[in-house]
Amino acid sequence: SANVERADTGAVHVGGLSVEKLAAEFGTPAYVFDEDDFRARCRAWTEAFDGADVFYASKAFCSKAVLRAAAEEGLFVDVCTAGELAVALAAGLDPARLGLHGNNKSLAELHQAVEIGVGRIVADSFQEIERLEAIARELGKRPNVMVRVNVGVEAHTHEFIATAHEDQKFGFSLADDVAYEAARRVIEAPHLELLGLHSHIGSQIFDTAAFEISAARVARLQAKLQTDFGVRLAELDLGGGFGMAYTTQDDPQTPAVIAESLRRIVADECAAAGIDVPRLSIEPGRSLVGPSMFTLYEVGTVKPVTLSAGASRLYVSVDGGISDNIRTALYDATYSATLASRASGAAPALARVVGKHCESGDIVVKDEFLPADVAPGDLIAVPGTGAYCRSMGSNYNHVPRPPVVAVSGGEARVILARETVDDLLRLDVG
Ligand code: LLP
C-alpha cells in the first residue's frame, strides 16, 4: 500500500511505524491495516464515480472501524447476512445507506431489513419477492428492491468466483425473460418499490470488456422495463469485482478508467432507448480494502528441501497459515512475501511460505525468492491480504484468528482483537 516503505535499517515501516515495533506490541501473526491508504482508495472510487453511489462490499472485510471509515468517506455499505448487518448497525451506520444481498436471506433477515429501513434489498428469487411483499404488507412499509440479473457474462477469473454464467445460484437469468418477469412482479407488487436492476459478474476481474458487456445488457433491460411498464427506475447497480494487484504482474485499471467506460456504455444504451440515465451504483470490496492490509508473520522454522530437479527450496514456516489466508489453497491465488524486519545481503533462494497447520496444502505464498539467510525470529510480510483473508479465516487446528491492527497518522491501535484459545473453549460446552 501507499504508506509502506523500507527504512535505512532494512525494516519495513507502515505509516511511519516499524514492523518490529508493531510485532513487539501486538504480537504475530497480525493483519496490519493502513487506514489512511484505505480512506484514500475510498475517495479515489467516489471521486471517479462522482454522482454515483459507491457501496463498500463488507464481505471483503467487515469490522466496525472499517465500516465507519468507509461511511465517513461517503460510501454506502453492502451487507449480505444478519451478521454483517449487525456490525454495520453496531458501527452506527444509517440503515438507509445499507444494501442487503444474498441468495438465501432468512425470513428474520428480510424482516429486520424491512423493519429498520435498509436502503435497498437485492432480490434473488421469486420466492424472496413473495416473502418481501408479505413482510412489507405486514409492516406497512414499502422497501426499495433491486432485482439481481444474471447477465450471462463469463468473466475471466477463477471459476469458483465467476458468478454470472448461467449454471450458478445467483440472480435471475436474462434468458427466457426470467429477469424481466422478476422485475415485473416487483413493479406490480403493491408494497415494493423497484429501485432498479443489479448485476455482479464475479470477482478479481481485470477485463473491462466483461463489465461493459454486462452493463450494456442490464441497462438495456432496465430501459425496456421502463418503456413497457411506464415506470422510471431510479438506479442501476453494476456490482463489484474490480481486480487489484496481488503482485507486480497484475495491472488493474484505475477507478477513473472503469468509471468512464461504464458511464459511457450505460449512457449509450439509455440514449438508444430514449430514457434518462439512471443513477449508477457499484459495490467494490477487494479493490478498496485488499491492498490496504498486509499480514505480518514470524518465521518459526526454515527447512531446505531438495527438489527432484536437483534444485532445492526453502520451506519457511510462519506462525499462521491457511486459517488466516485460505486464498492460496482455495483459489490458487498468488501472493508475494518479503523479509520485513531487516535487510539482508544474502543471495535470493527459492522459497515457499507455509503455515503451521496439519496439511501440506497449507501454503501462504507458493513461490517466492527470499534471502537465503532467512531465519527463525525474522518477520515476514505478505501484502495484499485485506480482502477475503480475515473474513474467510477459520479456527482450523484450533488456531485463534489474528488481530487487525490499524495504523493511521503515525499511531497503531487494535480494531479487531486477537482471538484466544479461551474464546474457542468458551464455545466448547460438552
Ligand atoms: N457485490 C456482490 C453482489 C458480490 O457478490 C461481491 C463479491 C461483491 C459485490 C464484491 O466483489 P469484490 O469487489 O470484492 O470483488 N472469496 C473470493 C471472492 C468472493 C466474492 C464474493 N462476492 C476471493 O477470495 O477471491
Out of the residues in segment 5-32 that are touching a residue at least 12 places away in the same chain (Cβ under 8 Å), farther than 14 Å from ALA406 by Cβ and buried (at least 17 other Cβ atoms within 10 Å of the Cβ), state the one that is nearest to the chain's Cα centre (by Cα). PRO29
Starting from segment 197-220, take each residue that is closer than 15 Å to MET244 by Cα and of a type in the set (Val, Ile, Thr) and list its partners that are part of a loop (DSSP other than H, G, I, E, B) and at pLDDT 90 or above, counting only C-beta distances under 7 angstrom and pairs at least six apart or across chains. ILE205/GLY241; ILE205/GLY243; THR208/GLN253
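Quick check on ALA40: is it touching a Phe, Trp or Tyr at 6+ places or on another chain (Cβ under 6 Å) and at pLDDT 95 or above?
Working: touching a Phe, Trp or Tyr at 6+ places or on another chain (Cβ under 6 Å): no; at pLDDT 95 or above: yes.
For ALA40, the condition - touching a Phe, Trp or Tyr at 6+ places or on another chain (Cβ under 6 Å) and at pLDDT 95 or above - is not met.
Rundown of residues vs (1) under 24 Å from LYS169 (Cα atoms); (2) more than 12 Å from the ligand (Cβ to nearest atom); (3) crowded, with 24+ Cβ neighbours inside 10 Å, yes/no style:
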{"position": "THR208", "(1), (2), (3)": "yes, yes, no"}
{"position": "SER214", "(1), (2), (3)": "yes, yes, yes"}
{"position": "LEU236", "(1), (2), (3)": "yes, yes, yes"}
{"position": "GLY240", "(1), (2), (3)": "yes, no, yes"}
{"position": "THR254", "(1), (2), (3)": "no, yes, no"}
{"position": "ALA272", "(1), (2), (3)": "no, yes, no"}
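Please state which one of GLU47, GLU84, GLU73 is over 23 Å from ASP324 (Cα atoms), in contact with a Cys (Cβ under 9 Å, 6 or more places away or on another chain) and not hydrophobic (A, V, I, L, M, F, W, C). Reasoning before the result, please.
On the way: GLU47 fails: in contact with a Cys (Cβ under 9 Å, 6 or more places away or on another chain); GLU84 fails: over 23 Å from ASP324 (Cα atoms).
Of the residues listed, the single one that is over 23 Å from ASP324 (Cα atoms), in contact with a Cys (Cβ under 9 Å, 6 or more places away or on another chain) and not hydrophobic (A, V, I, L, M, F, W, C) is GLU73.
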Checking the structure you have, find out if any residue of segment 151-163 is at pLDDT 95 or above and within 16 Å of the ligand (Cβ to nearest atom). no
Test for ASP78: is it away from the ligand (no atom under 16 Å from the Cβ) and of a type in the set (Asp, Glu): no
Within segment 152-170, identify whether any single residue is assigned to a helix (DSSP H, G or I), more than 24 Å from ASP94 (Cβ to Cβ) and basic (Lys, Arg), and answer yes or no. no
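The values are calculated or read from the model by the stated rules, or taken from the named source; none is laboratory data. Keep in mind that this is a model prediction, so the values were computed, not measured. Cβ sites come from the backbone with ideal geometry, for glycine too, and all protein chains shown count toward neighbours.
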